[in-house]
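The values are calculated or read from the model by the stated rules, or taken from the named source; none is laboratory data. Fair warning: this is a prediction, and the values are worked out from it, not measured in the lab. Heads up, the Cβs are rebuilt from the backbone with ideal geometry, glycines too, and the neighbour counts pull from every protein chain shown.
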Amino acid sequence: MWPIEKTKVVRAIWETTCKERLRGMLEEERKRAMRHFGVSDISKCKGYNVGWIRMDIWDRLVSDVWTTDAWKNRSVIGKRNRMTEKDGSITKHTGGSIPFMIHAERMVCA
């Protein structure tokens with residue numbers, strides 16, 4: 001167990017981690033549903049039985065969250081940001097770690 005004075009910090013870390021995990025789980029389910037229906041538009045995925053999300057909640061997520069203009073706008077901005085070119089290559093946070101040789105070259109130049 002952690003010291004009692006660290007409880008607020010531990011709680012904040014826990015909540016952040018849970019939010020990130022849930023976001024990832026929902027993203028995977030959106031992709032799975034679109035593959036299941038053979039569509040690229042999430043609005044056509046109502047009635048999909050996720051299993052761990054009740055169907056009425058899934059349908060509300062589809063209609064009240066994922067098909068809104070605000071969601072679509074954030075999606076477009078995110079895609080554009082992920083396709084940003086830097087130093088001649090596309091920068092992606094999900095691209096993995098920096099190869100050792102590139103890291104070594106950067107260390108020498110610094």
Mind checking which helices (runs of 4 or more DSSP H) fall wholly inside segment 9-110 and carry at least 1 residues that are in contact with a Phe, Trp or Tyr (Cβ under 9 Å, 6 or more places away or on another chain)? 55-61, 69-82
Close pairs from segment 67-95: first at negative phi, partner modelled with pLDDT of 85 or more and surrounded by 10 or more Cβ atoms within 10 Å (Cβ to Cβ), Cβ under 8 Å, at least 6 apart: THR67/ILE42; THR67/SER43; TRP71/VAL65
Those residues that are surrounded by fewer than 10 Cβ atoms within 10 Å (Cβ to Cβ) and either at pLDDT below 70 or β-branched (Val, Ile, Thr) (or both), I need them from segment 90-100; list them, please. HIS93, THR94, GLY96, SER97
Take the conditions within 19 Å of SER75 (Cβ to Cβ), surrounded by 10 or more Cβ atoms within 10 Å (Cβ to Cβ) and touching a helix residue (DSSP H, G or I) at 6+ places or on another chain (Cβ under 9 Å) and apply them to GLU20. Does it pass? no
Quick check on LYS6: is it out of contact with any helix residue (DSSP H, G or I) (no Cβ under 9 Å at 6 or more places or on another chain), surrounded by 11 or more Cβ atoms within 10 Å (Cβ to Cβ) and within 29 Å of SER63 (Cα to Cα)? no
